[in-house]
Structure formats: C-alpha cells, structure tokens
Amino acid sequence: MGVFEGIDREIAVENGELTGRFAPYYQCVFSRVDSDFQFVEMPLAQMLYRLQKGGISAGLPMVQTAERDEYADFGGLLFQTEYVYLLLQDLPPLNSLSGLRFAFVRQFVGAKLLRGADPLVIPVSDWSQAVEMLKRGRVDVVVLPWVLIDLYMKGFDRPYYARTAAWVDLSMYISHRADDSDLTEDLRCIFRRT
C-alpha cells in the first residue's frame with residue numbers, strides 16, 4: 001500500500017502501522033480484510049506511477065480524477081477535506097487576474113483548481129517546498145489541503161490568507177494491475193458494501 005509521504009500529522013507509517021489524523025478511516029477499512037498490509041510512504045507522483053503499473057495494490061489518501069480512474073478504482077468517499085489557495089497578499093478574486101504563479105505537488109489535483117487567465121504552474125516535490133516558494137515570492141498562490149496550513153505557516157510573522165478552493169472526497173485508489181487479486185477484490189467489495 002502506498003501512502004502519500006510528507007503529511008505525517010495527517011497520515012504516515014510508523015513501525016509498519018498507519019498513524020495520524022486520517023489513519024482511523026483507513027484502519028476501519030483494513031480491519032475488514034483478512035490480510036497483512038505493508039505500508040510504504042512515497043511521493044504522490046511515484047505512488048500514481050506504481051498504481052498504474054501494478055507495483056502497489058492501493059494508494060492513499062487520494063482524490064478521484066478521471067485520469068486516475070483509467071488505471072485504478074476509487075474506493076468511494078471515506079471522508080472530506082478542504083483544499084485552499086494560500087496567499088501572502090489579499091488579492092482580488094483569482095478568476096479576475098492574469099499570469100498568477102501557482103505551486104503544488106506534482107500530480108496533485110491542483111491543476112483542476114487553477115484560476116485566472118494564463119496561469120503558470122510550478123510543480124514541486126512536497127508541500128514544504130511549495131510554501132517556501134510562496135514565502136520567498138517565487139509564486140503567488142499555493143494550492144494545498146487546509147489541514148497543512150498551520151504546520152507550514154507556523155512562526156511566519158506576516159499576514160497570509162487562505163481561500164477555499166474546493167471540498168474534496170478522500171479515499172484510496174485500488175490498482176487494476178496489482179498481482180494480489182484477492183486483496184484488491186476484497187477491498188473493492190468492502191467499498192461496494194459501504
């Protein structure tokens with residue numbers, strides 16, 4: 001099982017077990033499957049690649065997209081979270097602006113949340129890198145989960161602004177190509193029953 005790395009307070013792997021605020025949602029699902037799970041933290045882009053190639057059975061936490069649906073099954077709503085636009089200036093409505101520089105993690109759904117004319121996207125490896133670019137004035141907007149703002153803005157002594165970008169359903173994706181057909185089918189059955 002792939003676990004999105006770099007959001008330890010929300011979800012992480014410690015001593016082979018899921019930890020963090022999101023962990024109980026997934027533990028509830030996994031407790032209904034008779035299997036030994038191996039959880040591995042990895043960057044989102046790597047997790048999506050391995051899901052597509054069958055290198056992992058499932059990846060979490062994840063938001064549903066049409067592109068991902070082509071190579072994996074979305075588990076269905078487990079919980080929701082808010083994605084926000086993080087800004088250091090109280091800009092006018094983003095749709096009214098042109099040439100905004102956005103940063104977000106590679107393969108993140110942020111591309112669907114771009115606003116304004118001719119936006120420039122700067123993909124990064126992790127959330128801390130995106131927020132650091134904002135603090136240094138290299139980007140205008142960071143798109144990220146609201147739950148991460150206090151972590152990355154802690155100790156920042158200037159004003160900042162968070163505007164709702166979207167509320168999204170979070171769950172997991174189950175690979176179409178994983179070799180462990182019993183496990184992936186058991187996971188699919190659990191989601192069909194809930």
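Which condition number in (1) among the hydrophobic types (A, V, I, L, M, F, W, C); (2) out of contact with any Asp or Glu (no Cβ under 9 Å at 6 or more places or on another chain); (3) under 20 Å from Ile7 (Cα atoms) is the one that Leu113 fails?
(3)
Given the options Thr184, Thr164, name the one that is outside the structural domain of Glu70 (by TED's automatic domain parsing), out of contact with any helix residue (DSSP H, G or I) (no Cβ under 6 Å at 6 or more places or on another chain) and of a type in the set (Ser, Thr, Tyr). Full working, then the answer.
Values: Thr184 fails: outside the structural domain of Glu70 (by TED's automatic domain parsing).
Of the residues listed, the single one that is outside the structural domain of Glu70 (by TED's automatic domain parsing), out of contact with any helix residue (DSSP H, G or I) (no Cβ under 6 Å at 6 or more places or on another chain) and of a type in the set (Ser, Thr, Tyr) is Thr164.
Looking at Tyr83 and the list (1) touching a helix residue (DSSP H, G or I) at 6+ places or on another chain (Cβ under 8 Å); (2) farther than 24 Å from Met133 by Cβ; (3) of a type in the set (Phe, Trp, Tyr), which single condition is not satisfied?
Here Tyr83 clears every test but (2).
Can you tell me which condition Asp179 does not meet? The list is (1) outside any helix (DSSP H, G or I); (2) in the same structural domain as Gly6 (by TED's automatic domain parsing); (3) surrounded by 14 or more Cβ atoms within 10 Å (Cβ to Cβ), and all the others hold.
(3)
Does Arg188 meet the test of being at pLDDT below 95 and of a type in the set (Lys, Arg)?
yes
Report yes if some residue within segment 58-68 is over 16 Å from the mean Cα position of the chain (by Cα), at pLDDT 95 or above and surrounded by 13 or more Cβ atoms within 10 Å (Cβ to Cβ); otherwise report no.
Here is the first cut: in segment 58-68, the residues over 16 Å from the mean Cα position of the chain (by Cα) are none.
Looking through segment 58-68, none of the residues is over 16 Å from the mean Cα position of the chain (by Cα), at pLDDT 95 or above and surrounded by 13 or more Cβ atoms within 10 Å (Cβ to Cβ).
With respect to Arg9, determine if the residue is under 22 Å from Leu144 (Cα atoms), in the same structural domain as Ile174 (by TED's automatic domain parsing), among the basic types (Lys, Arg) and touching a helix residue (DSSP H, G or I) at 6+ places or on another chain (Cβ under 7 Å).
Working: under 22 Å from Leu144 (Cα atoms): yes; in the same structural domain as Ile174 (by TED's automatic domain parsing): yes; among the basic types (Lys, Arg): yes; touching a helix residue (DSSP H, G or I) at 6+ places or on another chain (Cβ under 7 Å): yes.
Against the criterion (under 22 Å from Leu144 (Cα atoms), in the same structural domain as Ile174 (by TED's automatic domain parsing), among the basic types (Lys, Arg) and touching a helix residue (DSSP H, G or I) at 6+ places or on another chain (Cβ under 7 Å)), Arg9 qualifies.
State whether the residues of segment 69-86 include one that is buried (at least 17 other Cβ atoms within 10 Å of the Cβ) and assigned to a helix (DSSP H, G or I).
At the first step, the residues of segment 69-86 found to be buried (at least 17 other Cβ atoms within 10 Å of the Cβ) are 72-75, 78, 81, 83-86.
So of that shortlist, the ones also assigned to a helix (DSSP H, G or I) come out as none.
For segment 69-86, residues buried (at least 17 other Cβ atoms within 10 Å of the Cβ) and assigned to a helix (DSSP H, G or I): absent.
For segment 151-188, what are the residues that are among the aliphatic types (A, V, I, L, M) and under 18 Å from Ile7 (Cβ atoms)?
Pass one, segment 151-188, residues among the aliphatic types (A, V, I, L, M): 151, 153, 162, 165-166, 168, 170, 172, 174, 178, 183, 187.
Of everything in segment 151-188, those that are among the aliphatic types (A, V, I, L, M) and under 18 Å from Ile7 (Cβ atoms) turn out to be Leu151, Met153, Ala162, Ala165, Ala166, Val168, Leu170, Met172.
What are the pairs with Cβ atoms under 9 angstrom where one residue, in segment 53-69, is closer than 12 Å to Met172 by Cα and the other, located anywhere, is of a type in the set (Asp, Glu)? Sequence gap at least six, or different chains.
Ser57/Asp179; Ser57/Asp180; Pro61/Glu10; Val63/Asp169; Gln64/Asp169
Return the residue satisfying two criteria in turn: it lies in segment 75-103 and is hydrophobic (A, V, I, L, M, F, W, C) and touching a Ser or Thr at 6+ places or on another chain (Cβ under 7 Å), and of such residues it is farthest from Arg21 (Cα to Cα). Even if it seems obvious, please write down each step before you answer.
Taking segment 75-103 as the starting set, the residues that turn out to be hydrophobic (A, V, I, L, M, F, W, C) are 77-79, 84, 86-88, 91, 94, 97, 100, 102-103.
Then drop every residue that is not touching a Ser or Thr at 6+ places or on another chain (Cβ under 7 Å), which leaves 77-78, 84.
On the way: Leu77: 16, Leu78: 13, Val84: 19 Å.
It comes out as Val84.
Could you grab me the full set of residues in segment 1-24 that are touching a Gly at 6+ places or on another chain (Cβ under 6 Å) and not in a loop (DSSP other than H, G, I, E, B)?
If the condition is that a residue be touching a Gly at 6+ places or on another chain (Cβ under 6 Å) and not in a loop (DSSP other than H, G, I, E, B), then Gly2, Ala12 are the ones that fit.
Can you pull out every residue in segment 25-45 that is of a type in the set (Ser, Thr, Tyr) and at pLDDT 85 or above? So that I can check it myself, show each step before the final result.
Taking segment 25-45 as the starting set, the residues that turn out to be of a type in the set (Ser, Thr, Tyr) are 25-26, 31, 35.
Within segment 25-45, Tyr25, Tyr26, Ser31 qualify.
The values are calculated or read from the model by the stated rules, or taken from the named source; none is laboratory data. The model shown is predicted, which means the values in this text are computed figures rather than measured ones. Neighbour counts run over all protein chains shown; Cβ positions are idealised from the backbone, glycine included.
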